[in-house]
Amino acid sequence: MKKYISLLSFIALFFVGIQQSQAQDTNRVVEAEMPEAIAKKQTHTLHQMADLSGDQQRAVYKIFLDYQQNVSALNDNADIATANRAKSSLMDNVTAKLKSTLNEEQFQAYLKTLDKPK
């Protein structure tokens, strides 16, 4: 009887382990979708602060999405110093694109979002 209980306990633990493994795989899928979600959130925040038009929202979303995808790719890079320099360059590029997309008041609202602590 003890052997059966031990066997059933082992099988139960095995299935729990498999379930945990599948949950981790699901988290990896969600992480792959994160650049879109982050870009959408950033666009929404800027829209609330600067009252963007529909065309501006689409342009800003594309800018933020491009930035997030590039940062995501850089995070996979093993060389941290190179990645940090590239992120700085990407952020300068985002700022330049946003300056050409937004009017002066909207751009100043964007700069205020950068100054806020997270």
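The values are calculated or read from the model by the stated rules, or taken from the named source; none is laboratory data. Fair warning: this is a prediction, and the values are worked out from it, not measured in the lab. So basically every Cβ, Gly included, is an ideal-geometry build from the backbone, and we count neighbours across all protein chains shown.
List of remarks:
- Residue among K87, K112 that alone is among the charged types (D, E, K, R), touching a residue at least 12 places away in the same chain (Cβ under 8 Å) and within 18 Å of H44 (Cβ to Cβ): K112
- Filtering region 46-82 to residues that are of a type in the set (A, V, I, L, M, F, W, C) and more than 20 Å from the chain's Cα centre (by Cα) leaves M49, A50, L52, A81.
- Hits in region 1-35 (condition: assigned to a helix (DSSP H, G or I), aliphatic (A, V, I, L, M) and at pLDDT 70 or above): I5, L7, L8, I11, A12, L13, V16, I18, M34
- Cβ pairs under 8 Å, 6+ apart, first in region 70-83 and closer than 15 Å to A39 by Cβ and modelled with pLDDT of 80 or more, second in a helix (DSSP H, G or I) and not small (G, A, S): N70/L90; V71/P35; V71/K87; V71/L90; S72/M34; S72/P35
- First in region 34-54 and touching a residue at least 40 places away in the same chain (Cβ under 8 Å), second anywhere and surrounded by fewer than 19 Cβ atoms within 10 Å (Cβ to Cβ) and not aliphatic (A, V, I, L, M), Cβ under 7 Å, 6 or more apart: T45/T113; L46/T113; M49/T113
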